[in-house]
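The values are calculated or read from the model by the stated rules, or taken from the named source; none is laboratory data. Only a predicted model underlies this, so the values are computations on that prediction, with no experimental measurement involved. Using ideal geometry, Cβ is built from the backbone for each residue, glycine included, and neighbour counts are taken over all protein chains shown. With ligands, DNA and RNA removed, areas are computed over all heavy atoms of the protein, side chains included. Shrake-Rupley method; radii C 1.70, N 1.55, O 1.52, S 1.80 Å.
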Amino acid sequence: MRASAYPLVEVDAAAALVLEHTPVLGVERVAIAHAIGRVLAEDLVAPASLPAFPSSAVDGYAVRSADAGKAMRVLGESAAGRPFGGTIEPGTAARILTGGVLPDGADCVVMVEDVRLDGDLVTTPAPLRAGSNFHRPGADVRAGERVLAAGTQLGAAEIGLAAALGFPRLPVRRRPRVALMSTGDELVEVGGKPGRGQIVDSNRWALLAALREAGAEVRGLGIGPDEPEALRQLVVDVLREVDVLVTSGGVSVGTHDLVKPLLESLGTVHVGRVKLKPGKPFTFATLPPIGGRRGEGNIAFGLPGFPVSSLVTFEVFVRPALRKMQGFTDLHRPILPVRLAYDARASADRTEFQRVRLHRDGRELVAETTGSQSSSRLMSLAGAHALVRIPPDDQGIRAGSIVDAMILALP
Ligand code: AMP
Ligand code: MG
């Protein structure tokens, strides 16, 4: 064992260093069928107005409002997709269906329920208001209007809007390609039977889920050995095919903890220890392009081995970086004030992210602890709604106080 040579960095400073060294990825054009969840790379500007023509909002009769109360001759019909060819002169009308073009000459639509029909004559109530019961051109979107800003995530409504404006493909940022590896000779594959002293590799599956949820494409590297050369080979071979390396385990100061020296030999370690609980050994490095690879190089995250530490450091450092790569405007989870329902003990020298469940009490969110906050206890994170930020302190924070919470899911 040796003391760590890495300075202890404040959480916010470490997060800033990570983002500073994280690139924004390039642009690709994807069919709207595959655009769900992607992030728009350029502002989307409407090439035309919506609706493009005066469009009836109801089934009824297109008339001139000045003819209100008169019996008018019905000249024909304007159905959706089948406009009426003529002009509505004084004393005439056209039947119109929802989505039909308002004929020239008409200035309003009267609902079918409100008219009286007598052969080919229609009588409307009086008075009528010009402009009623149809959508004006550009009422929904004006030509030239910016409808979606770069950095917007595409959901159902955004994709529908793009389709309505005639875009079959959209420019989005590339998804980060991430190589994921667990390290440790004690690990066995899930489904295998752990021998004495062995444990199941759970981090790889937890991190796979977290990575995918954050928009990454993941390349699984399995379990890396606690042997420097074999570990190095496994990593180097894949770096040219990915943007990001994420490992778990092997970053503390035990003699078998090989990830920091590996990252140091491949590039520059910017963060080697953080004043964070859980997650003190969190490591972040940049790796220059290797083996003649043209491109940007890689960023690498050495996450701690303890399951809660790996997921909390993922939330605090990795997820915002993956979102920056994808061009998101919002990199962070929402932060909301919550009232503590328990006495929060603080760490003397590290910022602690305590796992809590939330419930509503009137207009407030109240935070209950998930129990023992041991970094090995995934039960503290399973079902948690938020991470409550407890600054380093000798006293801690009393129940009833208001603190900031990073919201993972609202109850
Ligand atoms: P390390 O950082 O390699 O010293 O790992 C610290 C502890 O985290 C180990 O003693 C294991 O108990 C646990 N651990 C490491 N890797 C994993 C993993 N992939 N899945 C579950 N637990 C792990
Ligand atoms: Mg280990």
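On inspection, Ser252 qualifies as farther than 19 Å from Val18 by Cα and not basic (Lys, Arg). Here Thr313 meets the list (1) β-branched (Val, Ile, Thr); (2) more than 25 Å from Ala409 (Cβ to Cβ); (3) at pLDDT 95 or above almost entirely, failing just condition (2).
Evaluating Ser4 against the criteria (1) under 30 Å from Ala285 (Cα atoms); (2) polar (S, T, N, Q); (3) in contact with a Cys (Cβ under 9 Å, 6 or more places away or on another chain) leaves one unmet condition, (3). For region 88-114, the candidate set comprises residues that are hydrophobic (A, V, I, L, M, F, W, C) and out of contact with any Gly (no Cβ under 7 Å at 6 or more places or on another chain); within that set, the residue that is surrounded by the fewest Cβ atoms within 10 Å (Cβ to Cβ) is Leu97.
Just one of (1) at pLDDT below 95; (2) within 16 Å of ligand 1 (Cβ to nearest atom); (3) not hydroxyl-bearing (Ser, Thr, Tyr) fails for Gly297. It is (2).
How many residues does region 1-32 hold that are touching a Ser or Thr at 6+ places or on another chain (Cβ under 6 Å) and open to solvent by 40 Å² or more (accessible area, probe 1.4 Å)?
Going residue by residue through region 1-32, those that are touching a Ser or Thr at 6+ places or on another chain (Cβ under 6 Å) are 11, 21.
Still in the list and also open to solvent by 40 Å² or more (accessible area, probe 1.4 Å): 21.
Number of matching residues: 1.
Rundown of residues vs (1) under 22 Å from the mean Cα position of the chain (by Cα); (2) more than 30 Å from Glu241 (Cα to Cα), yes/no style:
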residue: Ser310; (1), (2): yes, no
residue: Val318; (1), (2): yes, no
residue: Gln326; (1), (2): yes, no
residue: Pro334; (1), (2): yes, yes
residue: Asp343; (1), (2): no, yes
residue: Thr370; (1), (2): no, yes
residue: Gly396; (1), (2): no, yes
residue: Ser401; (1), (2): no, yes
residue: Ala409; (1), (2): yes, yes
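Restricting attention to region 252-268 and to residues that are within 13 Å of ligand 2 (Cβ to nearest atom) and part of a loop (DSSP other than H, G, I, E, B), the residue that is most open to solvent (accessible area, probe 1.4 Å) turns out to be His256. The residues of region 179-215 that are polar (S, T, N, Q) and either surrounded by fewer than 17 Cβ atoms within 10 Å (Cβ to Cβ) or more than 9 Å from ligand 1 (Cβ to nearest atom) (or both), listed by number, are Gln198, Ser202. Exactly one residue out of Leu262, Leu311, Leu266, Leu287 is closer than 19 Å to Ser347 by Cβ and of a type outside the set (Val, Ile, Thr), and it is Leu311.
How about region 71-129: which strands (runs of 3 or more DSSP E) wholly inside it have at least 2 residues that are more than 12 Å from Gly60 (Cβ to Cβ)?
On the way: elements: 71-78, 92-96, 108-111, 116-118, 121-123.
Filter on region 71-129 gives 71-78, 116-118, 121-123.
Just a yes or no: is a residue in region 158-178 within 30 Å of Gln233 (Cβ to Cβ), modelled with pLDDT of 95 or more and open to solvent by less than 30 Å² (accessible area, probe 1.4 Å)? Yes: one or more hits. Being within 10 Å of ligand 1 (Cβ to nearest atom), open to solvent by 10 Å² or more (accessible area, probe 1.4 Å) and within 28 Å of Val188 (Cβ to Cβ): is that true of Gly249 here? Against the criterion (within 10 Å of ligand 1 (Cβ to nearest atom), open to solvent by 10 Å² or more (accessible area, probe 1.4 Å) and within 28 Å of Val188 (Cβ to Cβ)), Gly249 does not qualify.
Between Lys275, Lys280, the distinction of being at pLDDT 95 or above, under 27 Å from Ala348 (Cβ atoms), more than 16 Å from ligand 2 (Cβ to nearest atom) and open to solvent by 10 Å² or more (accessible area, probe 1.4 Å) belongs to Lys275 only.
Considering each residue of region 216-223 in turn, at least one proves to be part of a loop (DSSP other than H, G, I, E, B) and away from ligand 2 (no atom under 16 Å from the Cβ).
Results for (1) within 16 Å of Ile390 (Cβ to Cβ); (2) of a type in the set (Asp, Glu), shown as yes or no for each residue.
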{"residue": "Pro278", "(1), (2)": "yes, no"}
{"residue": "Pro307", "(1), (2)": "no, no"}
{"residue": "Val316", "(1), (2)": "yes, no"}
{"residue": "Pro337", "(1), (2)": "yes, no"}
{"residue": "Asp343", "(1), (2)": "yes, yes"}
{"residue": "Ala348", "(1), (2)": "yes, no"}
